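Before I ask anything, let me first share the structure, which is written out below as structure tokens.
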Amino acid sequence: MEKELAKAYDASKVEDEIYKEWEDSGFFNPDNLKDAKKPFVISMPPPNATGKLHIGHAMFLTLEDLMIRYHRMKGDKALWIPGTDHAAIASNAKVEAQLKEKGKTKYDFGQEKFIEEVQNYISNSQDTIRNQIRKMGSSCDWSRERFTMDEGLTNAVQTMFVDMHKDDLIYQGFRIVNWCPHCESTLADDEVEHKDQDAQLYYMKYGPFIVATSRPETKLGDTGVAVHPKDDRYKEYVGQVLEVDLAGHKIKVKVFADPEVDQEFGSGVIGVTPAHSQVDYAFADKYGLEMIQVIDQQGNMTKEAGKYAGQSVKEARKNFVKDLEAVGLLDKVEDYSQATSICYRCGAAIEPLMSKQWFVNVNKASKKLGKQSLKEKSIEVVKNGDINIVPDRFNKIYFNWMENLHDWCISRQIWFGHRMPVWYKLDDKEKNSPVVQVESPGKDYIQESDTLDTWFSSSLWTFSTLGWPEKTKDLKEFHPTQVMETGYDILFFWVARMIMMTTYAMGEVPFENVYLHGLVRTRDGSKMSKSKPETIIDPLDMIKDYGTDALRLSLLIGTSPGNDIKLYKEKIASYRNFVNKLWNVSRFIFSTYEKPAGYSDPQPETAIDKAILTLFDDLINKTTKDFDKFQFGQAGDRVYDFVWHEFADWYLEISKFEKTESKPQILYYILENILRLMHPMIPFVTETLWKNLDKKEMLMIAPWPEQGGYDHKEELKTFRKAKEIITDIRNLRAVYQVKPKEIINAKITKEISAEGQQLIANLAKINFTNDISKKGSVSLEYLDLALGEVIDLDQEKARLEKEKKNLENYLTGLEKKIKNIKYLDNAPPNIVEQDKLRLEEKKAEFEELERQLDAI
């Protein structure tokens with residue numbers, strides 16, 4: 001007997017040590033992989049530098065590490081580039097909150113000093129997320145780690161800005177933007193979330209019209225009135241300029257007809273406020289309307305709002321409505337639900353405001369893109385298959401989003417972030433004459449104080465991390481990357497922008513495949529929320545309690561691309577049981593059999609040996625195909641089922657009585673290759689067990705298993721038939737409460753092979769005979785069992801008849817209840833659904849009782 005493993009696997013005692021061995025080996029760096037073939041590259045979606053590992057991180061780290069480990073074992077130059085994001089808005093907010101606790105604001109420091117504060121905060125926080133990434137077993141190349149604001153990436157960002165500005169793809173414009181008064185910054189369209197909220201619709205007497213609006217305070221800045229061309233009620237006013245008195249605040253509005261107006265909504269009349277609505281801004285551009293801004297960047301009313309100047313939006317609304325009512329101009333107020341635009345970061349209501357900002361022009365044709373626009377090129381590379389999105393149902397969503405994409409506002413009014421390479425003369429107070437270049441034009445110039453949208457730097461991630469704009473060896477060898485793995489919720493935030501920017505800068509796609517994982521949800525399918533701490537699963541706590549491998553398996557098995565997954569502690573605990581099962585299987589083999597001198601090509605001697613090797617060959621083939629097709633959950637399911645059920649529950653038990661010379665070879669062969677197959681999924685326990693095989697190399701660089709050419713179909717049929725019969729017998733034992741060790745006589749009624757009979761005799765405790773007792777028997781498909789010799793069948797029949805009668809009465813009552821209209825109308829839907837499910841379960845129980853009675 002060769003090895004004696006500890007009785008139980010303790011992940012906490014080995015994981016940190018194993019990770020250090022991996023990292024020290026240098027094999028995370030593909031430059032150190034001998035004979036590695038084609039590159040396989042993943043750019044890690046950079047978590048916030050100041051963040052803490054959450055379950056979403058755990059999901060992408062598990063999936064990406066699986067792919068990297070698999071391709072490393074396949075002989076590819078597997079490179080996983082780690083990094084962190086400066087997360088401008090979040091980092092600004094965190095440091096501002098710290099200053100507030102000290103009774104200070106960023107204005108007490110000024111921009112340069114404040115930036116230093118943020119940088120210090122980030123540098124003190126980055127080690128936390130780095131070490132937490134390591135805890136997940138992530139085999140990324142730390143020697144190539146990047147930060148979105150390191151020197152090289154800053155240079156890439158500024159170079160990109162200058163290049164795009166030269167090509168007229170970046171411009172400065174005065175336009176309606178999404179403004180967050182709380183963050184005091186613009187937001188891109190896809191950074192605006194929409195939340196259904198209860199609101200009120202105010203019907204105002206508005207000159208000769210009735211105008212319905214949910215935001216009466218904005219009417220103080222109206223310069224137009226829109227009606228539908230076919231609306232006969234208002235034809236006489238079209239083309240006129242009317243003066244409208246709104247409770248003493250006078251406005252001039254131009255009346256025009258446009259087919260975009262919905263005649264059925266409200267009164268069919270729209271008061272147009274060009275300075276505070278994207279739709280109205282388009283109307284103003286089309287019909288030449290004046291822009292009057294009545295709300296400022298702090299969310300207060302401007303001087304253009306007359307006597308309401310200085311009031312907050314909420315105060316002005318309340319006072320204006322009160323004034324309208326006092327002079328009889330408020331017709332009515334209705335409650336209704338509306339989708340309110342809110343900031344994705346802080347949740348504050350968004351104000352559409354006129355502002356001078358910097359934009360990426362997504363519709364302008366570019367020579368670098370073959371006279372296509374950024375939008376057109378980004379659509380083309382997915383349509384022609386240069387980029388494969390998994391699952392492909394997201395293609396339609398991607399195309400729809402890209403086709404409706406507006407110019408991207410990239411300037412942000414926050415202090416920390418990438419400074420734009422834009423300069424103004426000191427006396428250019430209105431910023432009308434920008435100079436765009438990386439270096440300062442001279443002492444009499446000042447740099448733009450606005451910073452770039454974080455997604456701008458992140459969109460350069462796949463190539464900037466490899467050295468661009470320099471023509472580095474890494475850039476030539478490792479770009480484009482092979483997979484971008486991320487959550488479907490940032491398909492538009494990040495993935496689409498990477499495609500736009502990379503096709504422009506590099507003339508090639510950033511990645512060949514996009515794998516989209518779903519959200520991790522609670523047991524009942526709801527979203528994990530910071531406002532409900534009890535719903536959150538902390539991956540670090542789970543690692544501490546159950547081990548990293550158990551957490552990884554719980555995020556893999558049962559998942560599929562693009563679909564959400566439910567996660568809870570009991571699920572993670574169940575996969576810890578599997579890790580322990582693998583440990584115990586290995587422990588049994590190591591302690592029972594000495595490792596053979598050679599076992600890479602075992603020669604099976606029995607039908608069962610041939611069957612298990614055939615099943616294992618099939619497992620290797622299908623798992624490999626699953627991995628290649630990004631079906632990781634399916635692969636995990638397959639290997640789990642084989643290890644626990646085929647190998648542990650059946651073959652190991654058979655090996656205890658079926659002794660052959662080749663058994664040790666087969667057991668070690670299968671175990672070794674199980675460790676290889678499972679290593680990308682559960683790297684820690686597999687590497688630990690691998691050490692007991694006394695291999696020269698680490699498991700992480702061992703070759704991926706290949707099929708052994710075993711194809712014994714007839715023997716597999718024998719094995720499956722025997723398993724089916726044994727399972728039926730075991731079920732009968734449970735039903736009739738026959739002791740597990742009680743030998744039952746049986747007569748064969750349908751052909752069973754000699755090897756099948758041996759299995760049944762040993763595993764089901766059966767004695768084959770032609771002399772069946774007259775006391776009675778129970779019939780199965782292949783056997784008659786003399787159960788009457790070991791139990792009182794008459795007594796059992798009476799018991800089953802009584803159970804059947806009771807169940808029949810229960811079913812009658814439950815069916816009557818479910819057919820009751822009053823019950824269906826009044827009971828909660830979930831209760832009704834539970835009753836329907838219970839009815840189906842009880843019907844199945846009833847059918848099983850009838851089957852048992854028939855067998856007797």
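Taking a probe of 1.4 Å, how large is the accessible area per residue of the chain, in Å²?
Value returned for the chain: 46 Å² of accessible area per residue.
Would you work out which of W704, S337, I766 lies farthest towards the positive end of the dipole of the chain? Charges go on Cβ: Lys and Arg +1, Asp and Glu -1.
Positive-end residue among those listed: I766.
Further question on the same structure: Could you give the length gained on full extension between S440 and E193, defined as 0.36 nm per residue of separation minus the Cα-Cα distance, in nm?
Between S440 and E193, full extension yields 85.2 nm more.
Loop sites only, by DSSP: take the chymotrypsin sites (Phe, Trp or Tyr not before Pro) in the chain that have at most 12 other C-beta atoms within 10 Å and name the longest stretch containing none of them.
That gives 266-656 as the longest site-free run.
Let me ask something additional. Give the residue list of GluC sites (Glu not before Pro) in segment 683-722 that are DSSP loop and have at most 13 other beta-carbon atoms within 10 angstrom.
Within segment 683-722, the qualifying GluC sites (Glu not before Pro) (loop, at most 13 other Cβ atoms within 10 Å) are E697, E706.
What is segment 299-394's relative contact order, in percent, from Cα pairs under 8 angstrom and six or more apart in sequence?
It comes to 10 percent, rounded to a whole number.
Still on this model: Using a basic spin-label model with each label point 7 Å from the Cα along Cα→Cβ, how many nm lie between L426 and N580?
Distance between label points: 7.4 nm.
Which lysines, on any chain, are close to K113 with Cα under 17 Å apart, when same-chain ones fewer than 8 places away are left out?
K94, K100, K102, K104
Then there's this: Using only Cα atoms, find the angle between the long axis of helix 607-628 and the longest principal axis of the chain, and express it within 0 to 90 degrees, rounded to the nearest 10.
10 degrees
Give the lysines whose C-alpha is closer than 25 Å to that of K205, dropping any in the same chain fewer than 8 places away, or say none.
K219, K230, K235, K250, K252, K254, K303, K307, K314, K318, K322, K332
What does the convex hull of the Cα atoms of segment 261-303 come to per residue, in Å³, rounded to a whole number?
Taking only Cα atoms, segment 261-303 has a hull volume of 94 Å³ per residue.
Where both partners of a DSSP beta bridge lie in segment 694-792, what percent of those bridges are antiparallel, to the nearest 5?
Taking every DSSP beta bridge within segment 694-792, about 60 percent pair in antiparallel fashion.
For a label point 7 Å from the Cα of D262 along Cα→C-beta, name the residues of segment 210-248 whose backbone N is under 20 Å from it.
Under cut-off, by backbone N: 210-219, 225-234.
Quantify, in whole percent, the carbon and sulfur part of the accessible surface of segment 718-856 (1.4 Å probe; protein heavy atoms only).
Of the solvent-accessible surface of segment 718-856, carbon and sulfur hold 47 percent.
Using a simple charge model, +1 on the beta-carbon of Lys and Arg, -1 on the beta-carbon of Asp and Glu, nothing else, what dipole does segment 513-650 show about its Cα centre, in debye to the nearest 20?
Here the size comes out at about 700 debye.
Which residue, chosen from T481, M354, V738, occupies the Cα position most advanced towards the positive end of the dipole of the chain, where the dipole is computed from +1 (Lys, Arg) and -1 (Asp, Glu) charges on Cβ about the Cα centre?
Among T481, M354, V738, the one farthest towards the positive end of the dipole of the chain is V738.
Using a basic spin-label model with each label point 7 Å from the Cα along Cα→Cβ, how many nm lie between L837 and D784?
Going by the 7 Å Cα→Cβ label model, 4.4 nm.
Let me ask something else. So what is the relative contact order for the chain, in percent, with contacts set as C-alpha pairs under 8 Å and at least six apart?
Relative CO of the chain lands at 13 percent.
Modelling each spin label as a point 7 Å along the Cα-to-Cβ direction, I'd like the A573/E594 distance in nm, to one decimal.
Here the modelled spin labels are 4.3 nm apart.
If you don't mind, there's one more thing I want to ask. Let me spell out the model: positive unit charges on the Cβ of Lys and Arg, negative unit charges on the Cβ of Asp and Glu, origin at the Cα centre of the chain. What dipole size does that give, in debye rounded to 20?
Roughly 680 debye, rounded to the nearest 20.
Continuing with the same structure: For P(r) over Cα pairs in 20 Å bins from 0, in percent, several values are listed as [x] 11, 24, 30, 23, 8, 4, 1, 0; [y] 12, 33, 30, 17, 7, 0; [z] 14, 44, 34, 8, 0; flag the one computed from this structure.
Checking each listed value against the structure points to [y].
So if I place +1 on the C-beta of Lys and Arg and -1 on the C-beta of Asp and Glu, and nothing else carries charge, what would the dipole magnitude of segment 729-784 be about its Cα centre? I want it in debye, nearest 20.
So the magnitude is around 320 debye.
Moving on. For K797, go through the aspartates and glutamates and keep the ones whose alpha-carbon is under 18 Å away, minus same-chain ones fewer than eight residues off.
Of all the aspartates and glutamates, those that pass the test against K797 - Cα under 18 Å, at least 8 places apart if same chain - are D784, E789, E808, E845, E847, E848, E850, D854.
Report the FRET efficiency, 1/(1 + (r/R0)^6), for S143 and K20, where r is their Cβ-Cβ distance and R0 is 22 Å, rounded to 0.05.
The calculated FRET efficiency here is 0.90.
Related question: Out of the DSSP beta bridges found with both residues in the chain, what percent are antiparallel (nearest 5)?
70 percent
Let me ask something else about it. Going 7 Å from the Cα of K307 along its beta-carbon direction, which residues of segment 251-290 have the amide nitrogen within less than 15 Å of the resulting point?
Counting only backbone N, you get 251.
The values are calculated or read from the model by the stated rules, or taken from the named source; none is laboratory data. Bear in mind that the values here come from a model prediction, so they are computed numbers and not experimental data. A quick note on method: Cβ atoms are made from the backbone with ideal geometry, for glycine too, and the neighbour counts reach across all protein chains shown. These accessible areas exclude ligands, DNA and RNA; they are computed on the full protein's heavy atoms, side chains included. Shrake-Rupley method; radii C 1.70, N 1.55, O 1.52, S 1.80 Å.
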